[in-house]
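Q: Provided herewith is a single structure, encoded as C-alpha cells, for subsequent inquiry.
What follows draws every value from the coordinates through simple rules; no lab data is involved. Nothing here was measured: the structure is a model prediction, and the numbers come from that model. Note: ideal-geometry Cβ built from the backbone for every residue, glycine included; neighbour counts use all protein chains shown.
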C-alpha cells in the first residue's frame, strides 16, 4: 500500500478510536491482501508524530498503544468546553497510589506501616474501580495478604509506556513539581514525601510481614490513626476534552 494512503488510514483510525491502539491492533485492521508489516506501521506512526510538531495535538505512545491527545499547553482552553467538575481524590488515596506504584508488589499492611495510618477499604476499592491498581498475587505468609500492583490503565492515565519511565526516588527529591494530578497547592509533591518514607521503612523493616489481617476489612483497625478527609481535584485525562 502506498505510504501516504497508509498514513491517512492510520491517522483516521487513531482519531476514531476510543482508546489507545497498539501496532498489533492496527495491523489487524488490514486484510491478508493488504498486509502491512509492523516495521512499516512503526515508520508511519513516527511520521504522524513528526507531523504534529507545532500543532495543538500530539501523537503519544502509552502502555496500551498510540493515541492522539491535546497538547498540555493548549489544554486549559480546550477544557472550557466541558462544565463538569474534575474528580476529587483524597490525599490518603494519592499517597496509597504512589506507594503501590513505587513499591509494588506491596500489601495493605506494608502500606499502613510506611504511612503510619490505616488504609480505608474504600481507598482500595476506588483504586480498583478506577482500574489503576489490581491484585497481582498473594504474600506467602500467614493470612496470604493480597499484593497490589499498578495496571496499564494507570500507565495510560499518566502518559507512561512502562514503569521504567517513573522518575527515580532520587530524581523526585530534586524536582519542584511532579505530575500535577499528584500535587497539592502549597505542599510538596506526594511522591517525594512517600519516597522518603519508603526508603526509611525499607532500611528498618523486611518487606515480608506476618499480618494475617492485612487484606481484610479488620486491617482498618491495625493503625492508631485514620486517613484525613481532605481532597483535591484531579483532571481526567481519559475524558473527551483530552482526546483529539
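Q: Among 110-118, 133-141, how do they line up by average Cβ neighbours within 10 Å per residue, starting with the highest?
A: 110-118, 133-141
Q: What do you get when you divide the Cα radius of gyration of region 104-175 by 2.2 N^0.38 Å, with N the number of residues?
A: On the way: Rg = 13.7 Å, N = 72, 2.2 N^0.38 = 11.2 Å.
Region 104-175 yields a ratio of 1.22.
Q: For Cα pairs less than 8 Å apart in space and 6+ apart in sequence, what is the mean separation divided by the residue count of region 12-100, i.e. the relative contact order in percent? Mind showing how you got there, number by number?
A: Working: 58 pairs, mean separation 23.0, N = 89.
Taking the mean separation of contacting Cα pairs over the length of region 12-100, I get 26 percent.
Q: If you count, for each residue, the other Cβ atoms within 10 Å and average over each peptide, how do 119-129, 36-46, 151-161 line up from highest to lowest?
A: Details: 119-129: 17.0, 36-46: 14.5, 151-161: 18.6.
Ranking the peptides 119-129, 36-46, 151-161 by packing returns 151-161, 119-129, 36-46.
Q: With the crude spin-label approximation of a point 7 Å out along Cα→Cβ, what separation in nm comes out for residue 49 versus residue 35?
A: 2.7
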